[in-house]
Amino acid sequence: MKLLHWLKRLIIWASYFLLLCFFGLVVLFFAVTTPEEKTSEEPTLVNDVTQLNPIQVSGIKQPRSIQEIVDLVKTHEGPISIGGGRYSMGGQTASHQALQLDLRQFNQVVAFSMAEKEITVEPGITWREIQEYIDKFDLSVKIMQTYSNFTVGGSLSVNVHGRYLGLGPIIYTVKSIKLVLADGQLIAASPQENTELFYGAIGGYGALGVIVEATLSLDDNVKVERITKRMSLDQYHDFFFGKIRNDTSIVFHNADIYPGSYDEIQSVSYVRTTKALTVEDRLRPTDKNYRPEKFAMWVVSETPCGGWLRKTILDPVFNRDGVVEWKNHEASYNVKELEPSSRKHDTYVLQEYFIPVDQINAFTPRMREIFLRHNPNVINVSIRHAYKDPGSLMAWARTEVFAFVVYYKQGTTELDKQKVGVWTRELIDLAASLDGTYYLPYQIHATKEQFQTCYPNADTFY
Ligand SMILES: Cc1cc2nc3c(=O)[nH]c(=O)nc-3n(C[C@H](O)[C@H](O)[C@H](O)COP(=O)(O)OP(=O)(O)OC[C@H]3O[C@@H](n4cnc5c(N)ncnc54)[C@H](O)[C@@H]3O)c2cc1C
């Protein structure tokens, strides 16, 4: 009798506890996914997505034509800085007391040829706007980032890349550009014309002039199927060269390293298919609230078993095999899904390292050692592949490389920034020791010497 009585009480207490946990989770879900707080930005204060780099400029102009840009450049005394989507993370879009050209309103399609698979655009247009324009013609962007919010001008100036297999930096897809130089001169540049300016301006962070127009080659929009595979990190090089690199049916490919032990990966490929779609939308909807994604991000980055949950529950559920979708759907992610409710005390940040392909097994154990020693809050490390850059002066792919994209969360105090600087410089030294390099659109922690070692053409560029 007594035992039964205690058993009953235990069940009641357990039910209370479970109910409490459930309500706790609901409250947390809403707390971490409430709409972003508005950052109070003075009209002349330019910041980027991390909110770590507020820069006071002397004024902001939003030109909508080439002539307006020419006039502004010709008449303005003093420095000019250029802003696209402002997603770079180290103050690359603004200079202290410079005139800021905010190009987000200069965003129209200038010309399009379905037969040539080519589009000419103004630089403030985003990939998403291009996708909406070309999707009805069954075409897609040939190389872009994973997310579609970035502008073409900002992407060309950084020489971006994505998860596309068999390609590399975006310069591969740029047929020509128009540039407004510092003296207001408008010039055309391409691999055939004004080649020095072409190879300088792509990846040139706006230093050589304003890119005011770009003609890009496009690709077919095809159906793709997701196929994943788990393996240990040291097997990846042989797996990639044996099964992935030369498989022309693969459209996107990357591999995610699970933080914690940093020795296991999930390889993810999107393979051309004729199977029936499991996702009917041609592009990702723009009106989603992303509460589940934001909650998942919070769980992974903030709870003690977040990494384990991701590996054993979130990835098998959300990144499972067999999804069949349009390439444009897979290429139209929205950065909103990553945006926390506040960036006041913590912020999410990216870094990237490019390592010659034959050095991957020398790089990864030492990267792991640096992470384990400094213990940053790493959420993901994604591996991608890129072929050698065809000639840009500030190339990050000076040979065939694997890219290691590190996504992590950090505090916003000066001490937090200093701590990040320490392990970042260790990673840069490691990359440099293997003839690799680091990516420039992120926080500027590199020393001048590291920059010059990793970008040996910088002097020629300047
Ligand atoms: C969540 C997230 C995911 C990312 N994923 C990737 C990825 O998958 N691959 C990748 O390669 N990068 C990635 N990045 C980095 C991103 O591609 C770059 O920061 C890119 O520059 C952002 O584009 P933007 O329009 O915001 O450019 P901005 O940050 O506004 O500008 C970038 C640089 O270009 C210059 N610039 C802008 N427009 C012009 C113009 N018209 N003429 C001349 N100069 C100009 C600016 O002055 C600045 O120096 C990612 C960033 C974030 C935040």
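The values are calculated or read from the model by the stated rules, or taken from the named source; none is laboratory data. Because the structure is predicted, anything quoted here is derived from the model rather than measured. Cβ: placed from backbone, ideal geometry, glycine included. Neighbour counts: every protein chain shown.
Details
- Pro259 satisfies every condition listed in (1) within 16 Å of the ligand (Cβ to nearest atom); (2) in a loop (DSSP other than H, G, I, E, B); (3) buried (at least 20 other Cβ atoms within 10 Å of the Cβ) except (1).
- The set of residues in the range 149-168 that are touching a strand residue (DSSP E or B) at 6+ places or on another chain (Cβ under 7 Å) and within 8 Å of the ligand (Cβ to nearest atom) comprises Asn149, Phe150, Thr151, Val152, Gly153, Leu156, Ser157, His161, Arg163.
- Cβ-Cβ under 6 Å pairs, at least 6 apart or on other chains, the range 111-124 side within 28 Å of Gln62 (Cα to Cα), far side part of a loop (DSSP other than H, G, I, E, B) and within 16 Å of the ligand (Cβ to nearest atom): Glu122/Phe106; Glu122/Asn107; Glu122/Gln108; Gly124/Phe106; Gly124/Asn107
- Search result, residues across the range 159-204 that are among the basic types (Lys, Arg), assigned to a loop (DSSP other than H, G, I, E, B) and farther than 18 Å from Tyr439 by Cβ: none
- Residue among Ala214, Ala207 that alone is part of a strand (DSSP E or B), of a type in the set (Gly, Ala, Ser) and modelled with pLDDT of 95 or more: Ala214
- Verdict on Arg104 being within 10 Å of the ligand (Cβ to nearest atom), in a helix (DSSP H, G or I), out of contact with any His (no Cβ under 7 Å at 6 or more places or on another chain) and closer than 26 Å to Glu352 by Cα: yes
- Condition check for Tyr348: touching a strand residue (DSSP E or B) at 6+ places or on another chain (Cβ under 7 Å), within 20 Å of Pro304 (Cβ to Cβ), within 13 Å of the ligand (Cβ to nearest atom) and outside any loop (DSSP other than H, G, I, E, B): yes
- All conditions in (1) within 12 Å of the ligand (Cβ to nearest atom); (2) over 17 Å from Leu197 (Cα atoms); (3) β-branched (Val, Ile, Thr) hold for Val141, with the sole exception of (1).
- Asp346 meets the conditions (1) closer than 22 Å to Arg226 by Cα; (2) touching a Gly at 6+ places or on another chain (Cβ under 9 Å); (3) touching a residue at least 60 places away in the same chain (Cβ under 8 Å); (4) charged (D, E, K, R) in every case but one. The failed one is (1).
- Taking (1) more than 17 Å from Arg320 (Cβ to Cβ); (2) without any contact (Cβ under 8 Å) to a residue 24 or more places away in the chain; (3) small (Gly, Ala, Ser) in turn, Ala201 satisfies each apart from (2).
- Taking the numbered list (1) without any contact (Cβ under 8 Å) to a residue 40 or more places away in the chain; (2) surrounded by 18 or more Cβ atoms within 10 Å (Cβ to Cβ); (3) not aromatic (Phe, Trp, Tyr) in turn, Met394 passes all entries but (1).
- Qualifying residue in the range 428-449 (condition: within 16 Å of the ligand (Cβ to nearest atom), assigned to a loop (DSSP other than H, G, I, E, B) and aromatic (Phe, Trp, Tyr)): yes
- Single residue of the range 113-132 satisfying the filter (closer than 22 Å to Gln67 by Cα and not charged (D, E, K, R)) that is surrounded by the fewest Cβ atoms within 10 Å (Cβ to Cβ): Thr120
- For the range 420-442, a residue qualifies if it is free of Cβ contacts under 8 Å to residues at least 40 places away in the same chain and of a type in the set (S, T, N, Q), and exactly one does: Ser433.
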